[in-house]
Amino acid sequence: MLNSVIRRALPLLVATGLAFPQWAGAQSAGSGYIGASVGASMASDFCDDEPGVTLIDCEDQDAGFKLFAGYQFNANFAAEAAYVNLGEISGRGSFLGTPFDLKFQASAMTVQGVGILPFREGALFGKAGLSFWNLDTRGIVAGAPGSASDDGVDVTIGLGAQFAIGGNLGIRAEWDFFPDFGDDDTGEEDIHLFSVGIVVWFR
């Protein structure tokens, strides 16, 4: 899934850059923006072997999406908040002979500072801030169904690029990284979200 999203996104970004070689200036100092993007999420260590665990089936990738809003203070800095749905990961197998079938739904609210580097075709950006995460767990352990919900706060970072496509519209491609998503109770995973979306600027 992840590779197919990247393969589809790259030609679109190249075509956009060729069609609109001049930065349209929709993104400027003193402007707000909103947007939405979709893509693929991946928990990088979720399906790795662990002592005592025998996996029969494991899924560490899923579709994800985000909704975001921000304000650009000058040509090189903005502040941004987002709701990020990181999809579902699941595992089925046994731990020391006890069977389990578990599903984990991950989401987060993020608040980040955004550093911006404009160039002729658009802009590159980097983000860093806090993730107020939530992890919902449901499934069956030793034949008994159950569910739990955990939340916490961690650091999150990201990188991306965006291009104006006319008027106050733009296209954005980005990578969001949530290191050590979770805590001692839930287990910690490095989760990545690769996404492509639309941005709308306004004053």
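Peptides 62-71, 192-201, 117-126 ranked from most to least packed by the mean count of surrounding Cβ atoms within 10 Å: 192-201, 62-71, 117-126. The gain in end-to-end length when the LEU55 to ASP136 segment is fully stretched comes to 27.1 nm, 0.36 nm per residue minus the alpha carbon separation.
LEU102 versus ALA148, label points 7 Å from Cα toward the beta carbon: distance in nm? A separation of 0.7 nm, rounded to one decimal place. Per atom type, the range 28-103 shows carbon and sulfur on 59% of its accessible surface, probed at 1.4 Å.
Dipole check for the range 68-203: with +1 at the C-beta of Lys and Arg, -1 at the C-beta of Asp and Glu, and the Cα centre as origin, the magnitude is about 740 Debye. Modelled this way, with points 7 Å down the Cα-to-C-beta line, the labels at ASP185 and ALA79 are 3.1 nm from one another.
Near ASP183, no amide H atom lies under 5 Å from its own; only residues 5 or more places off or on other chains count, and H is placed 1.01 Å from N.
The values are calculated or read from the model by the stated rules, or taken from the named source; none is laboratory data. Note that the coordinates shown come from a computational prediction; the quantities given were computed from them, not determined experimentally. Here the Cβ is made from the backbone with ideal geometry for all residues, glycine too, and neighbour counts use every protein chain on show. SASA here: full protein model, heavy atoms, side chains in, ligands and nucleic acids out. Shrake-Rupley method; radii C 1.70, N 1.55, O 1.52, S 1.80 Å.
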